[in-house]
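One structure is given here, and the rest of the page talks about it.
The values are calculated or read from the model by the stated rules, or taken from the named source; none is laboratory data. From a predicted model like this one, the values you see are computed outputs, not experimental measurements. Virtual Cβ from ideal backbone geometry, glycine too; neighbours counted across all protein chains shown. Only protein heavy atoms, including side chains, enter the accessible area calculation; ligands, DNA and RNA are left aside. Shrake-Rupley method; radii C 1.70, N 1.55, O 1.52, S 1.80 Å.
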Amino acid sequence: MKILLCVWRLTHGGAERVASMWAKGFVQEGLSVDFLLGSYSSPVTYEVPSESNIYYECALNDKIATKIIPQFIKTRKIRHILKKSNPDVVICVLPQWGMKIKKAMKGLRQVPIIITEHNSYERPASAPMKKIQYEQKFATNKLFDAVTVLTQADKDFLTKKMGADFTSNTYVLPNPVSFVPVQNIPDKEESILAAGRLNAWHYKGFDLLIDAWSQIAFKYPNWKLKIAGDGNPEYLQKIINEKKIASQVDLLGFVDMLEQYQKASIFVLSSRYEGFGMVLTEAMSQGCACVACDYKGRQREIITNEKEGLLCSVEDVDALASCIEKMILDERYRHECQMNAVKRSKCYLVSEIVNKWMNIFDKLNIR
C-alpha cells in the first residue's frame, strides 16, 4: 500500500513533525510513503524514511514561485506527481492541499483523500478563526473521504454544530508523542518548565503563567520558572521585571527540549486555547508532573485524572498558581504524577497512532 503525504515542509512546526512520525510508523508497518512538499526553499530537517520519495509542488524559491507560477501550472505538476507516485491514499496535513489534490486527480485513478486537522474547531472570542479557516473546517472538509480531528471534544463540538451526517466521515486521531517515554524518572531539578513561541505569548498564556508564578515565587526561592521557545522576549521580560521575579524566571530561547523535559520537575501548559498540546504529552513522556489549563475538555482527554496531573480552567490565574504550588509542596504526590504521566504518555506512541490509522484505512476499504 502506498501513501502520499502532502505537507508544506518538513522542518519546524508541530504538524510537520507529526507527518514525519506517521511516515516512520507507516514504513514500520510495511507500507510505502512518499511526500509532496509545498516549500522548495525550506530544508528537510525532520527524519524521513530513506526509501521515501520527496516531490515538490514547484522547484523554485517560494517567493518567486508565488509571484510568477500560475496555479494551473502547479496543478499540472501535482498531477504528474500523482501519476509517478501512484498512491492508494492521499493524506493532506494542511486542508489547503485537499482542493489542490482533488483538482489534479481529475481523470486519474480516484483514490481516497484524507484531510488532517491540527488545531481546535473551537476558539475563544479573543482569537477568532480567519474566514478561510472557518470555510475549510465547516464546509470544504466535507468534500473529502475522511477528516481527522485531534480530540473527541472537537468531534462532539462539530457534531453538535453541523449534525451527525456532517461528521460521519470524521475520526479522532491524537498526535503521537515525539519522544520515547523514559524507563525511570530522571534526576530532576527544582524547575517549572513551559514551552512555545514567545511571539505567541497570548495564545500560550505565558503572561498568565508569569502572573501566577509571581503570586507564589517568593515562597520557593530555590525554584525557577523556565520558558523555552524562540521569538522576541521583550514583552514577557517587561512583565517579569514588573513582577520583580527576574531572578526566578529564565527565558531560554531555542533549546534542546528533550534535555529540558528531563530536567524539569513540573511542566505547565498555560494556553488560553489549545487543540491538543503536543508539549504536554512530550513532558509527560519524560517524567514531568504536569499542570494544564483545560480548554473545553481537550486537555482532560490527555490528563484523565489527578493521579496523572492537575487541570484548571483557562485564564484562571489563581487556580493556576494553586496547582503549581500543590505540585511544589507535595513531593510524594509530585513523584506519583511523574510516574503516572510516563505511563499515560505511552498511549500516544507512534505505534498506537498508526493502529488508529489502520482502522481508518479499513473503514475506507483502502488496504
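Things worth noting here:
- Scanning segment 218-266 for residues that are within 20 Å of Met327 (Cα to Cα) and open to solvent by 80 Å² or more (accessible area, probe 1.4 Å) yields a total of 4.
- Of all residues making up segment 132-155, the number that are farther than 28 Å from Arg300 by Cα and in contact with a Ser or Thr (Cβ under 8 Å, 6 or more places away or on another chain): 0
- Search result, residues across segment 132-172 that are in contact (Cβ under 8 Å) with a residue 60 or more places away in the chain and farther than 13 Å from Gly275 by Cβ: Asp145, Ala146, Tyr171
- Residue in segment 151-160 that is under 26 Å from Cys288 (Cα atoms) and surrounded by 22 or more Cβ atoms within 10 Å (Cβ to Cβ) present: yes
Conditions (1) free of Cβ contacts under 8 Å to residues at least 60 places away in the same chain; (2) farther than 21 Å from Val177 by Cα, marked per residue:
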{"site": "Arg298", "(1), (2)": "no, no"}
{"site": "Glu308", "(1), (2)": "yes, no"}
{"site": "Cys312", "(1), (2)": "yes, yes"}
{"site": "Glu331", "(1), (2)": "yes, yes"}
{"site": "Gln338", "(1), (2)": "no, no"}
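- Enumeration of residues in segment 19-36 that are assigned to a strand (DSSP E or B) and either β-branched (Val, Ile, Thr) or modelled with pLDDT under 95 (or both): Val33
- Enumeration of residues in segment 15-32 that are touching a residue at least 60 places away in the same chain (Cβ under 8 Å) and open to solvent by less than 30 Å² (accessible area, probe 1.4 Å): Ala15, Glu16, Val18, Ala19, Met21, Trp22, Gly25, Phe26
- Inside segment 125-166, residues that are out of contact with any strand residue (DSSP E or B) (no Cβ under 8 Å at 6 or more places or on another chain) and either closer than 16 Å to Gln96 by Cβ or assigned to a loop (DSSP other than H, G, I, E, B) (or both) make up a count of 22.
- Test: residue in segment 320-329 that is closer than 30 Å to Val147 by Cα, out of contact with any Gly (no Cβ under 7 Å at 6 or more places or on another chain) and not small (Gly, Ala, Ser): no
- Among (1) open to solvent by less than 20 Å² (accessible area, probe 1.4 Å); (2) of a type outside the set (Asp, Glu); (3) modelled with pLDDT of 95 or more - the single one Asn184 does not satisfy: (1)
- Enumeration of residues in segment 52-106 that are at pLDDT 90 or above, of a type in the set (D, E, K, R) and touching a Cys at 6+ places or on another chain (Cβ under 7 Å): Lys77
- Of the strands (runs of 3 or more DSSP E) lying entirely inside segment 214-325, those containing at least 3 residues that are under 28 Å from Lys346 (Cβ atoms) span 224-228, 264-269, 289-294, 310-313.
- Considering residues of segment 83-97 that are open to solvent by less than 10 Å² (accessible area, probe 1.4 Å) and assigned to a loop (DSSP other than H, G, I, E, B) only, the residue nearest to Asn119 (Cα to Cα): Val93
- Scanning segment 187-209 for residues that are part of a helix (DSSP H, G or I) and either of a type in the set (Val, Ile, Thr) or more than 19 Å from Asn241 (Cα to Cα) (or both), we see that the one that is most open to solvent (accessible area, probe 1.4 Å) is Tyr203.
- Within segment 278-332, the set of residues being open to solvent by less than 60 Å² (accessible area, probe 1.4 Å) and of a type in the set (S, T, N, Q) comprises Thr281, Ser285, Gln286, Gln299.
- Taking first residues from segment 90-119 that are charged (D, E, K, R) and partners that are assigned to a strand (DSSP E or B), the Cβ contacts under 7 Å between residues at least 6 apart in sequence or on separate chains come to Lys102/Ile113; Glu117/Val147; Glu117/Thr148; Glu117/Val149.
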